[in-house]
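Inspection log for the structure reproduced underneath, given as structure tokens.
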Amino acid sequence: MVTMAFPWTRLGLRGARCFLGSSRATGGVSPLGDRLLGFGVGHPAKGRRGRFVTTIPPDVGGSEVDVASAGNLSMLQGNEVDNVHKNEVEEEDYEAEEELGLVKTQLLPSSASSFRSYVGHSETLQKLIQLGVDLWRVERKIPAANILLRLSLEKDVQPRLVLLQSFGVPEDRLGRVLTRNPYLLNPNLLEEKLQARVDFLLSRHFTRETVGRMIGAAPFLLSLSVQRLDNRLAFYQNELGLTPRQTRELTSRLPSLITASLAEVEEIMKTMMANLGFRRAELRALVMKVPRILLANRGRLIRTFDLLHNIIGIPHHLLAEHPQVFRTKLQRIRVRDAFLKSRGLANYDPAHPPSVSLERFAALPDEAFCQEIVGATVQEFLAFQKTI
Amino acid sequence: MAAHSNRGPDTCSLRLTHSSVPSFINHPRVHGPLYRHIKIGVGHRLDTMSSGVLVMAVGNGNKLLPEFQKARFTRTYTLHGRLGFATKDFSDSGQVIEKVTYDHVTRERLERVIAMVHSSHQKALLTYSGIGLSSQAAYEMAAQGFLRPTQSSPTLLTALRCVHFRPPDFTLEVHCVNETCPALRRIIHEIGLELRSAASCLLVRRTFEQPFGLDDALLPAQWGLTAILNSIQRGQPAVTRFFARLLSSPQPTSEDICSHSSTGHQNRL
């Protein structure tokens, strides 16, 4: 087997972009020496074609081609072709072909934008899959993919899993957490830092179980420093005028409020108070009932309010009491209101019975809505929808 | 992969068989969703303020869509209008320009105006169909209602009638060709002008687009894989008939028609 004397030449031939990418990612010198690999095989899925610079995973080493470890049929065929070819080719031609990448002397493909090339050979990746990590999601994040390939099962992954479980993350959530935030496996992110963040939350009187649940629901929580966590909790407390207990309740019910873009949340709050005309106390009540409104799409929120308040005519105090309507699809509101109007039942004000509760109007599935509120069949409802 | 080699006297032959070995490459967490992009196309678009039947094509069915458009079959719409005000974009949600009384508008007046509109569109149809006005062929085609524009034309109504009149609201049913929803709203506006009043369009609703009607349409609540597949299957004979009609006119060809067309129903927002 011809040794790879200097891999840089091969990378150079593949194109300047290759070269730049690899040096940037590893800082020039790879811990595994001269086995630096390069770039981009096409991926059938469209979208961002990432490229990651990889080193051969530590647990694979320099083993021979194993026929039984399936998948790389093309490589096998490639080798067979090369064997036949070698007899006919001279020394200089062989080196030239090697430079052009015709001879596969490596076990793993030298470039990949997908984990599929490596998964058959890496125990770490296989264990992560069994844990429930979606590698197809992680491979879209290039730095995260690089990190995952360099991990060692015993040294990096297992201690980190134990740590996450000690924080209270439920076992069945570990896969989901690591899929969304694979940087939690980064060896550069020290255990002490993660522990400090969890300790901070515990010091704010979140229970250990709640913290575990919050991490499970919003995995980026642990990537925020203590300072940022503090700032974000304070943001909600100040903007909405909440007590500490209410802040805890709000953020533990919807932990992604902490990891969300605060600028957008502030935008929503301002919209609701200035544009839509809710008072601060109404906004507080609204948000405590349905926290997800703060993460809504601003345009859709305005359109929903326009339909509910200006066209259907529901006043503010009713909307603040039953904020589920803001989470309902525009289509559903319009169609259900039209159906109720056609039956003369479109009264939402509980002060003038008989009225329809907005909560049930929004939340009930079609069958229940038709039977209980309107007294019609679903077929009639669907037929009605085709007339509007 | 197993290899069996026979060493004959002259040649060395290799017989290869293959067997599957479970591999992580086939694991769903490695390859992800199998279908990421499904091509879906629409026949003739409806704008966001309109409702009704939308013929949609999935995958290979998209290749049939140009044929649908070239055929220039008429589409059926229900136009809901309201007397008394005129708006900038001719719909009820636009900026109101004018408010006019409508007490003088009777059904008879409306029918007369509609007849007038119909006749002007008939004349336009004759022009755009490219047939000489004073020929027997033109007369026969017009009499049988086969006139169609040969090139791109403005919105042309081939049939028009009033199905409901209760001032200030009225409803028209129209059959049209080369139409756009704003143009249909404009027709309501113009009818208002002809009535010496003002009218705006409340709703443009498509009830029929060849060969699918309201009964075949799936509502958004019904949009699911099984429902769509069933709809495609149910629509198969209709589409085949449609193309048989198309192909039967000038030159019949013996193409195998395989369709993947389904129908959706859009409700205005």
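The values are calculated or read from the model by the stated rules, or taken from the named source; none is laboratory data. From a predicted model like this one, the values you see are computed outputs, not experimental measurements. In this analysis, Cβ positions are derived from the backbone assuming ideal geometry, glycine residues included, and neighbour counts consider all displayed protein chains.
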Identify the residue in the stretch A:182-193 that is touching a Leu at 6+ places or on another chain (Cβ under 7 Å) and either of a type outside the set (D, E, K, R) or in a loop (DSSP other than H, G, I, E, B) (or both) and, among all such residues, is surrounded by the most Cβ atoms within 10 Å (Cβ to Cβ).
A:Pro182
Here the residues within the stretch A:340-382 that are charged (D, E, K, R) and more than 23 Å from A:Pro323 (Cα to Cα) are A:Arg343, A:Glu380
Being under 20 Å from B:Leu202 (Cα atoms), modelled with pLDDT under 95 and either more than 14 Å from chain B (Cβ to nearest Cβ) or part of a loop (DSSP other than H, G, I, E, B) (or both) narrows it down to one residue among A:Ile311, A:Ile388, A:Ile373; which is it?
A:Ile388
If I filter the stretch A:194-234 down to residues being touching a residue at least 24 places away in the same chain (Cβ under 8 Å) and of a type in the set (Val, Ile, Thr), which single residue comes out as surrounded by the most Cβ atoms within 10 Å (Cβ to Cβ)?
A:Ile215
Can you confirm whether B:Tyr102 is of a type in the set (Phe, Trp, Tyr) and surrounded by 13 or more Cβ atoms within 10 Å (Cβ to Cβ)?
yes
Can you go through A:Phe206, A:Phe220, A:Phe200 and tell me which one is farther than 21 Å from A:Leu301 by Cα and under 23 Å from the mean Cα position of the chain (by Cα)?
A:Phe220
Restricted to the stretch A:131-158, and to residues that are at the interface with chain B (Cβ under 9 Å from one of its Cβ atoms) and assigned to a helix (DSSP H, G or I), which residue is farthest from A:Gly216 (Cα to Cα)?
A:Trp136
Candidate set: the stretch A:223-248, residues that are in a loop (DSSP other than H, G, I, E, B) and not polar (S, T, N, Q); chosen: the one nearest to the chain's Cα centre (by Cα)
A:Leu224
Take the residues of the stretch A:283-317 that are within 19 Å of A:Tyr348 (Cα to Cα), of a type outside the set (Val, Ile, Thr) and surrounded by 19 or more Cβ atoms within 10 Å (Cβ to Cβ): which is farthest from the chain's Cα centre (by Cα)?
A:Leu308
When B:Thr87 is run through (1) closer than 30 Å to B:Pro211 by Cα; (2) in contact with a His (Cβ under 9 Å, 6 or more places away or on another chain); (3) touching a residue at least 40 places away in the same chain (Cβ under 8 Å), the failure sits at (1)
So, in the stretch B:194-234, how many residues would count as being surrounded by 15 or more Cβ atoms within 10 Å (Cβ to Cβ), of a type in the set (A, V, I, L, M, F, W, C) and either free of Cβ contacts under 8 Å to residues at least 60 places away in the same chain or away from every other protein chain (no Cβ under 13 Å) (or both)?
9
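Residue under question is A:Ser256, and the condition is that it be surrounded by fewer than 19 Cβ atoms within 10 Å (Cβ to Cβ) and either within 27 Å of A:Pro350 (Cα to Cα) or touching a residue at least 12 places away in the same chain (Cβ under 8 Å) (or both); does it hold?
yes
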Sole residue being at pLDDT 85 or above, over 25 Å from A:Leu382 (Cβ atoms) and among the charged types (D, E, K, R), chosen from B:Arg234, B:Arg241, B:Arg245:
B:Arg241
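Is it the case, given these coordinates, that A:Ile333 is of a type outside the set (Gly, Ala, Ser), touching a Lys or Arg at 6+ places or on another chain (Cβ under 7 Å) and part of a helix (DSSP H, G or I)?
Details: of a type outside the set (Gly, Ala, Ser): yes; touching a Lys or Arg at 6+ places or on another chain (Cβ under 7 Å): no; part of a helix (DSSP H, G or I): yes.
Considered against the rule, which asks whether it is of a type outside the set (Gly, Ala, Ser), touching a Lys or Arg at 6+ places or on another chain (Cβ under 7 Å) and part of a helix (DSSP H, G or I), A:Ile333 comes out as no.
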